[in-house]
Structures are given as structure tokens and as C-alpha cells.
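Have a look at the structure below before the remarks.
The values are calculated or read from the model by the stated rules, or taken from the named source; none is laboratory data. From a predicted model like this one, the values you see are computed outputs, not experimental measurements. Ideal geometry is used to build each Cβ from the backbone, glycine not excepted, and the neighbour counts take in all protein chains shown. Accessible surface areas use protein heavy atoms only, side chains included; no ligands, DNA or RNA. Shrake-Rupley method; radii C 1.70, N 1.55, O 1.52, S 1.80 Å.
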Amino acid sequence: MLAFGGSRISHQNLGSRFCSTGIFHLSSFTVKPPSSAAATVAAIVDNNSHNPRFHPRFVSSSSLQSKSPGDIPFPPVSFSQREDEHEKPSEALSSVAGGIVALGKFDALHIGHRELAIQASKVGTPYLLSFVGMAEVLGWDPRPPVVAQCDRERVLSSWAPYCGNVAPKEFQVQFMSVRHLSPRQFVEKLARELGVCGVVAGENYRFGYKAAGDASELVRLCDEFGMGAYIINSVMDRHQDARNMNRLDLKDRGQVSSTRVRQALAEGDMKYVSELLGRPHRLLLTIKDWESLTSTSSTQRMSAPRSSLLNLPPKDGFYENCSLLFGEQNAVICRVSIDTSHIHLEMNRVDFCDNDYSQKSQVLGIEFGELKR
């Protein structure tokens, strides 16, 4: 099967739990762009990396270094052209043609995933290549997503200031269609069928049938098919030793991951969740019947079954200073209680009565404050 690893950077303003060395270096190597490119575009070599498996092909100036949102430079050459000998991309799968795709398993859309998109945006139009139907194909137990499907576009739009004011788009591929592909066949599909011009992946990225390919093979194969390949370091959690969250996971080297996000939600540590995600966690629920709304002179209460939740809630308990969101309307401060069967909300009646209940069904959003211990 296809497997994926995390991505890493050392980045400013990620919260106290993360490495912050000031300037991020894209590492550890890149491949030669397609022969039609007018100039060589290459990665910055991480001077702190001593892994003999990674050898830089070319070194550029600081034009690829991460900077603050809205001030992210772009290299002078993007991979907008493909080698003449490449086959024309499939019409049905050409929406990513000419783009730079970030490779991974984008469950939580956390800060590591965001960094992949940032680096992709520096060399072309950024996309996230996501696989659909993995759980069904591999026989995994179903579980709610960290980010509701209908909320993913909002999250990606929030990354635009980091990506040259371009919101990354998500391109979905049915996992069944790539499950048995060898590493070479997978890269060939990207190049010839999808028309991709370059890829960005984390240093731990694995791909191909039974995860046979690693980052170094990805670089070699992309070179063979005339694509750019950019391998970046993983975003590290500085407190991973103290928390010891994944000590039984051999793939966990302390990097930010969707697994860590899920475990932090299970602990109800919403501050930590926000640091991992780079934003507050938003829980979405569908309200089909407003008859559950009750009122007193000063407050209004509402309850909904857990079956109405569209994504993963935090640990059962009582949360203060939460925000209740109704589409584009202003947030309402509320208190949230979660138990084994329901989620309960309590808010100020004056604030809440300004909202429109005329629709029989609405999707509400909740962003959580701290869990009351």
C-alpha cells in the first residue's frame, strides 16, 4: 500500500512547543527541473543535516527560505512547461496539470501539512494530493475525521497568506486506483497521467506498494520523469519527550502528526491542539431540529446527539469560553459540555437570539476554550 511520512521545518511563531531557529532551510536535496526550464531551481541545503543518504544536487540563493505570511518570495522559474516527450495528461485528471503537488496523508491539515503547501507555492501552483477510500480498502475501523469534509476548503483558504496569497487546492485520487502501483508506476502516473510538474514531500515520506519507496527514490524517479522534487524537514514538537505520546510508534520521531492531534484531542488539551493545527480546532455539527432549544431569563441551552457531529470532538468534559459560529455571522461565546451521548451548549440569551433559526437544518461550528479540570 502507499504510506506517507510527515514534513518538518524550523519556523518562527509556531508556539512555545516547537523548534524556532529563525530561518527555515529547505533540505536536503532537489532534482534537476525539466530540461525546458530556463534556469536551475534548487533547494537550500540544511547545514545541520548530516544524513549521508541525502546529497544536494543544486544549491540556490535564499529565495526559497520561509518568511512571514505575505512576504514569501517566489523563485524566478516555475515548472510551467513539460518535456516534449511526456504524454499529454488525461483530460479527466488534468486539474493539477502544471502544478506542484504536496504528497502526504492530510487528515488533520496541521502545520506540517501547511509547510508542504508553502514550499509548493514557492515553485508553482500548490496542490495537496489526497487519497480517498483508504480505510475501506485497507479494512480500517471507521473513525471521524479531524477536519470535517465540508470545512477543508475553509482551512486551506486560511493558508493563503502563507502561500503567496494563493489558497492551495486539494486534488483527490481514489486509493484503490493507486494501491498496487510500484514507486516507479506511481511517479509515472503523476508525470504522465496527471501532468504534475513537481512534488514536495517530507523526509519520512514513503510511497508505492507496501511503502517500498522513500524520499531518495522519489527524487531519483522524479528526475527520470522530468519533474522537480523537494524534500523538506519535519516540523518537530519540542515537548514530545515530556509528553511521550507515541513511544510505541516506531515512525514517530517527535514530528507534528495527525496522530498527535488526535491524541491531544483525546486529552482535551485544546491549547496544544491549536499549536499543532496552527488554528483553533473547529467541531461542526448539524442541527436538524431547533425544538431542543430551551430558554431561561438570561441563558439559552441546546443539546444535540453525537450522531450530529461531522468530525472528531475533544475529550468528554466541560469547556469554558468557547465560540459558537453560525456561518458568516459573528461568533457567540458559549459553554460546551460533552458526554457519551450528547453535546450540550449554553450561551447568553441576548447574544444567541440575534441569530436566524428559520432554516430547518443548519451546520454550526464550535471552537473550544480550555477544558475545566
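For the range 180-199, the tally of residues that are touching a Leu at 6+ places or on another chain (Cβ under 7 Å) and open to solvent by 10 Å² or more (accessible area, probe 1.4 Å) stands at 4. Here the range 262-312 is the region considered, the condition is being touching a Ser or Thr at 6+ places or on another chain (Cβ under 6 Å) and of a type in the set (Ser, Thr, Tyr), and the residue that is modelled with the highest pLDDT is SER308.
Based on this model, can you work out whether VAL147 counts as β-branched (Val, Ile, Thr) and touching a helix residue (DSSP H, G or I) at 6+ places or on another chain (Cβ under 7 Å)? Yes. Of the residues in the range 316-335, not one is modelled with pLDDT under 95, in contact with a Cys (Cβ under 8 Å, 6 or more places away or on another chain) and more than 16 Å from GLY365 (Cα to Cα). Across the range 336-364, the qualifying residues are those that are assigned to a loop (DSSP other than H, G, I, E, B) and not polar (S, T, N, Q), and the one among them that is modelled with the highest pLDDT is ASP339.
Take the conditions (1) out of contact with any helix residue (DSSP H, G or I) (no Cβ under 6 Å at 6 or more places or on another chain); (2) surrounded by fewer than 23 Cβ atoms within 10 Å (Cβ to Cβ); (3) touching a residue at least 40 places away in the same chain (Cβ under 8 Å); (4) in a loop (DSSP other than H, G, I, E, B); TRP140 misses just one of them, which is (3).
Does any residue of the range 238-254 turn out to be assigned to a loop (DSSP other than H, G, I, E, B), modelled with pLDDT of 95 or more and open to solvent by less than 50 Å² (accessible area, probe 1.4 Å)?
The initial filter retains those residues of the range 238-254 that are assigned to a loop (DSSP other than H, G, I, E, B), namely 238-239, 244-254.
Among the residues that remain, those that are also modelled with pLDDT of 95 or more are: none.
No, that holds for no residue.
Output the number of the condition that ASN165 fails; it satisfies all remaining conditions of (1) surrounded by 15 or more Cβ atoms within 10 Å (Cβ to Cβ); (2) assigned to a loop (DSSP other than H, G, I, E, B); (3) touching a residue at least 40 places away in the same chain (Cβ under 8 Å). So the condition that ASN165 fails would be (1).
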